[in-house]
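The values are calculated or read from the model by the stated rules, or taken from the named source; none is laboratory data. As the structure is a prediction and not an experimental result, all values here were calculated from the model. Glycine gets a Cβ as well: all are built from the backbone with ideal geometry, and neighbour counts include every protein chain shown. Surface areas here come from the heavy atoms of the whole protein model, side chains and all, with no ligands, DNA or RNA. Shrake-Rupley method; radii C 1.70, N 1.55, O 1.52, S 1.80 Å.
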Amino acid sequence: MSAYHLLRPPTSERDGHGFRTNASPIRRRLLSRWRDSRRLNIFFILLVCFLLGWFNWEYPTTLDSTYHEGSRLGEDVYIPLSNLGKDADDIYKIGTTNRIQYQAELEEFIRSYFPPHDSNDTDPHSLLNDMRQFFPEPTLAFTERQLPPVPFRLFQAGPTHARRKEKNWQTRTWPEMHPDLNITFHDNDMKDSWVKDRFSMAGTKSSIVEVWRKFDKEIPVLKSDVWRYLILAVEGGIYADLDVTLFKSIHEWGHDIIWNGRDPEGFYPPSLIVGIEIDARTNLDWRHNRERGNPRPLQFLQWTMGAARGHPVLIDIIRRCSEIALAPGYPYGNDHESVMERTGPGPWSDAVVRYLTVMWGKNWADMKHLPVDGWRYQGEKGGAWGDTKILTAAAFAPYHPEWIGGRGIGHPAVLSNHGFDGAWE
């Protein structure tokens, strides 16, 4: 027997609960309570760890970044643009944000897909030159320009004139508030004729007409989306679905509530008016909206919008729809998600965000949680205004839940309301 075994004190046997058989009753009770409390503490520690892990996943506390495509520290660390994480950044299909490349891409698209008169360099009023005015020349400071406002005219479309009459209680709100408003309505046959007459190009398939024909056998909403982009791009004005009810004068669009009717010095009306549809504040909000078919966490609506002729955002969205329609393997299906990504709010939001990034270095996350009056660029110390007005969901989507930006129909920021009646059907 070793010296260790000789010196070790004798051990007593233990019962089925792990206690020594010779332990006193008081000792047994104390040890039992200590053991139970230890188990309880371990349980609470594990519960807290689980909740902290879930909260960090659901509401990540990553820092916001001012970079256009996220921020990278070294090679492996990425700081997302918002609390929604990198997946939210990656969902946007922005494209190049270099201003020279962006302009060149849009100019090439006009030359390739639009009729020759639209790309006539010598005509100061061609579509190409109308678009160019939104890009400052190197010798002209951005603050020295005043761009054209959204024209005071309304475009609407529907399958038939009978469908328009069904929506009369909504459509009549526009002429009732504005008796002098020029209103143009196209049914499906009129849309087809207008596109073919306006954009026909002999001897080429890479044209707007070819893109339009790709949608002949698909659900009508695709053509409805493309038509509104085309009519605003070449005519300029306001587009509204038939089920949109006007609540506030068009002349007040782009004017902030806090101004109390007095425009700031140097103010001039915007050339592009766009409303936010979805402003997902948490991952839970975003997942809920994705399940409902909304493709972007910060999503712009296109049931009501206004633009001056030739605005780059309109040219870019037409380019995106054209590339999708003429890509190999088209069509991709008529499910809701596919439509939203082909001609709907998906590519529309991408085009808007791209312009904001190119012109003012603003990314999609910069438009999250805006004050109720929305956003518009203004130079320092009362400098010139940017051409784009971003409105919150309170303006065109007042009935949306507050957690994605709605404020209710009685809010002073409300401009109109969308009925979600599928008026294009």
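Being open to solvent by less than 50 Å² (accessible area, probe 1.4 Å), part of a loop (DSSP other than H, G, I, E, B) and of a type in the set (Asp, Glu) is the filter here; which residues of region 173-199 pass it? The one that is open to solvent by less than 50 Å² (accessible area, probe 1.4 Å), part of a loop (DSSP other than H, G, I, E, B) and of a type in the set (Asp, Glu): Asp187.
Quick one: would you say Arg228 is open to solvent by less than 10 Å² (accessible area, probe 1.4 Å), under 23 Å from Ser338 (Cβ atoms), of a type outside the set (Phe, Trp, Tyr) and over 17 Å from the mean Cα position of the chain (by Cα)? It is true that Arg228 is open to solvent by less than 10 Å² (accessible area, probe 1.4 Å), under 23 Å from Ser338 (Cβ atoms), of a type outside the set (Phe, Trp, Tyr) and over 17 Å from the mean Cα position of the chain (by Cα).
If I go through region 374-415 residue by residue, how many of them are outside any loop (DSSP other than H, G, I, E, B), of a type in the set (Phe, Trp, Tyr) and either at pLDDT below 90 or loosely packed, with under 13 Cβ neighbours inside 10 Å (or both)? Give the derivation first.
Just the residues of region 374-415 that are outside any loop (DSSP other than H, G, I, E, B), to begin with: 375, 378, 385, 388-391, 393-396, 402-404.
Going one step further and asking which of them are of a type in the set (Phe, Trp, Tyr), we end up with 375, 385, 396, 403.
Going one step further and asking which of them are either at pLDDT below 90 or loosely packed, with under 13 Cβ neighbours inside 10 Å (or both), we end up with 385, 396, 403.
Final tally of qualifying residues: 3.
Given the condition in contact with a Leu (Cβ under 9 Å, 6 or more places away or on another chain), without any contact (Cβ under 8 Å) to a residue 40 or more places away in the chain and either open to solvent by 30 Å² or more (accessible area, probe 1.4 Å) or not in a helix (DSSP H, G or I) (or both), answer yes or no: does some residue in region 200-216 qualify? Yes, there is a match, as at least one residue in region 200-216 is in contact with a Leu (Cβ under 9 Å, 6 or more places away or on another chain), without any contact (Cβ under 8 Å) to a residue 40 or more places away in the chain and either open to solvent by 30 Å² or more (accessible area, probe 1.4 Å) or not in a helix (DSSP H, G or I) (or both).
Where strands (runs of 3 or more DSSP E) fall wholly inside region 262-373, the ranges with 1 or more residues that are of a type in the set (Val, Ile, Thr) are 272-279, 304-307. For region 85-122, taking the residues that are in a loop (DSSP other than H, G, I, E, B) and touching an Asp or Glu at 6+ places or on another chain (Cβ under 9 Å), the one that is surrounded by the most Cβ atoms within 10 Å (Cβ to Cβ) is identified as Tyr92.
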